[in-house]
Amino acid sequence: KTAGKPILCKAAVSREPGEPLVIEEIMVAPPSPYEVRIRIICTSLCHSDIIFWKLKVPPACFPRILGHEAVGVVESVGENVDEVAEGDVVIPTFMSDCGECADCRSEKSNLCSKFPFRVHPWMPRYDASRFTDLKGEALYHFLFVSSFSEYTVVDITHVVKIDPAIPPNRACLFGCCVSTGVGAACKTANVEAGSTVAIFGLGSIGLAVAKGARLCGAKRIIGVDINPEKFEIGKKFGVTEFINSKDCGNKSLSQVIIEMTGGGADYCFECVGLGSLVQEAYASSRKGWGKTIVMGVDKPGAQLNFSSFDVLHSGKVLTGSLFGGIKAKSDLPVLIKRYLDKELQLDEFVTHEVKFEDINKAFELLIEGKCIRCVIWM
Ligand code: CXF
Ligand code: ZN
């Protein structure tokens with residue numbers, strides 16, 4: 001029995017920016033009140049992990065345990081936890097769902113204000129780490145998940161119990177990519193059947209938006225990317241038309257989309273993280289009702305530039321979406337049921353799988369652009 005005691009296990013520690021992760025033995029403290037210790041079954045690599053692995057300035061910090069897309073089994077729970085018990089299959093989520101604040105109680109938001117989203121080096125509730133290396137030095141957490149470890153400790157507000165019928169190498173995808181993209185289409189945008197969607201950037205998030213749009217019955221799904229190979233890939237996710245934004249000739253991208261769609265797309269999703277592309281997406285959306293969803297992460301301090309006159313006359317909506325607007329505790333199980341009911345297919349996302357000891361290979365694959373998702377088995 002390990003409950004109540006520290007656990008000695010392996011973790012992939014990010015010690016220096018951009019340097020290969022080091023698999024080492026670490027100590028994982030038992031869960032404090034309102035916390036859960038989880039044995040990770042598998043985790044997958046997201047671009048945000050790479051961004052924070054490379055970053056040399058705050059909020060970067062080292063040594064850190066990255067990873068935020070995972071599934072695991074509850075090993076033990078701290079005091080005041082009755083929502084989950086030992087043996088439950090759970091997904092740790094980087095977004096909290098405390099269930100108590102005005103935002104969590106509202107159907108309209110997934111932005112918990114008790115434990116707001118932030119890139120923080122500690123647990124959300126106690127400003128402490130549950131990880132130490134064998135020299136006794138604290139290792140920092142990442143996005144309240146830190147799944148690149150055989151065991152992690154997560155606050156109960158960041159844990160969702162799921163149906164154990166879902167295979168782990170599909171379940172982990174709901175921790176970030178799939179929930180973010182499918183949620184943005186089905187929840188934030190609420191794409192209706194028959195609509196026309198434009199997706200700016202066909203990385204894993206853009207592809208997940210295409211999946212979601214397809215699920216909602218979108219008729220036309222226009223993918224935009226600078227890499228022409230993305231069209232063949234995109235087709236597997238529901239993309240029906242493709243624009244290479246480098247080949248628009250003397251027209252702007254929005255002119256091309258407005259002409260293609262006879263006035264603009266009903267829904268536009270910016271999945272790159274470029275202010276200028278947000279502006280193009282907004283310009284590409286249909287006057288009167290077009291909705292643009294910002295999903296990409298631009299450089300800190302980046303600004304958007306819109307003419308006040310144009311906004312006044314547009315009748316358009318511009319909004320952001322974190323984690324696809326998904327409320328972790330209530331919406332995730334519903335999304336997982338759609339997978340189990342074979343409505344939502346996820347096989348196309350998992351292009352690679354590696355053993356935990358080969359985690360650095362997953363970084364290489366994602367950086368080379370050779371993979372959509374690489375699942376890492378513990
Ligand atoms: C992201 C969400 C946007 C800010 C950086 C982290 N989460 C997961 O990839
Ligand atoms: Zn992510």
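I need a count of the residues in region 125-142 that are part of a loop (DSSP other than H, G, I, E, B) and open to solvent by less than 10 Å² (accessible area, probe 1.4 Å).
So the count comes out to 2.
Criterion first (more than 24 Å from Ala171 (Cα to Cα) and touching a Gly at 6+ places or on another chain (Cβ under 6 Å)) does Pro33 satisfy it?
In short, yes.
Against the conditions (1) away from ligand 2 (no atom under 16 Å from the Cβ); (2) touching a Phe, Trp or Tyr at 6+ places or on another chain (Cβ under 6 Å), where does Ile372 fall short? Just the number, please.
(1)
Looking at (1) away from ligand 2 (no atom under 16 Å from the Cβ); (2) in contact (Cβ under 8 Å) with a residue 24 or more places away in the chain; (3) of a type outside the set (Lys, Arg); (4) more than 21 Å from Val297 (Cβ to Cβ), which is the only condition Cys61 fails?
Failed condition: (4).
Hey, can you tell me all the residues within region 31-45 that are open to solvent by less than 10 Å² (accessible area, probe 1.4 Å) and more than 16 Å from ligand 2 (Cβ to nearest atom)?
Matches in region 31-45: Glu35, Val36, Arg37, Ile38.
Condition test on Ser48, is it of a type in the set (S, T, N, Q) and within 16 Å of ligand 2 (Cβ to nearest atom)?
Numbers: of a type in the set (S, T, N, Q): yes; within 16 Å of ligand 2 (Cβ to nearest atom): yes.
It is true that Ser48 is of a type in the set (S, T, N, Q) and within 16 Å of ligand 2 (Cβ to nearest atom).
Look through Asp133, Asp88, Asp82 and report the one residue that is without any contact (Cβ under 8 Å) to a residue 60 or more places away in the chain and over 20 Å from the mean Cα position of the chain (by Cα).
So the residue among Asp133, Asp88, Asp82 that is without any contact (Cβ under 8 Å) to a residue 60 or more places away in the chain and over 20 Å from the mean Cα position of the chain (by Cα) is Asp82.
Being under 26 Å from Leu207 (Cα atoms) and assigned to a loop (DSSP other than H, G, I, E, B) is the requirement here; does Ser96 meet it?
For Ser96, the condition - under 26 Å from Leu207 (Cα atoms) and assigned to a loop (DSSP other than H, G, I, E, B) - is met.
Among Val317, Val354, Val334, which is the only one that is open to solvent by less than 40 Å² (accessible area, probe 1.4 Å), at pLDDT 95 or above and either β-branched (Val, Ile, Thr) or within 16 Å of ligand 1 (Cβ to nearest atom) (or both)?
Result: Val354 is the single residue among Val317, Val354, Val334 that is open to solvent by less than 40 Å² (accessible area, probe 1.4 Å), at pLDDT 95 or above and either β-branched (Val, Ile, Thr) or within 16 Å of ligand 1 (Cβ to nearest atom) (or both).
Are any of the residues in region 75-84 in a loop (DSSP other than H, G, I, E, B), within 16 Å of ligand 2 (Cβ to nearest atom) and polar (S, T, N, Q)?
So far as region 75-84 goes, no, none of its residues is in a loop (DSSP other than H, G, I, E, B), within 16 Å of ligand 2 (Cβ to nearest atom) and polar (S, T, N, Q).
The values are calculated or read from the model by the stated rules, or taken from the named source; none is laboratory data. For clarity, every value in this text was computed on a predicted model and none was experimentally measured. With ideal geometry, Cβ positions are generated from the backbone for all residues, glycine too; neighbour counts draw on all protein chains shown. Calculation scope for accessible area: heavy atoms of the full protein, side chains included, ligands and nucleic acids excluded. Shrake-Rupley method; radii C 1.70, N 1.55, O 1.52, S 1.80 Å.
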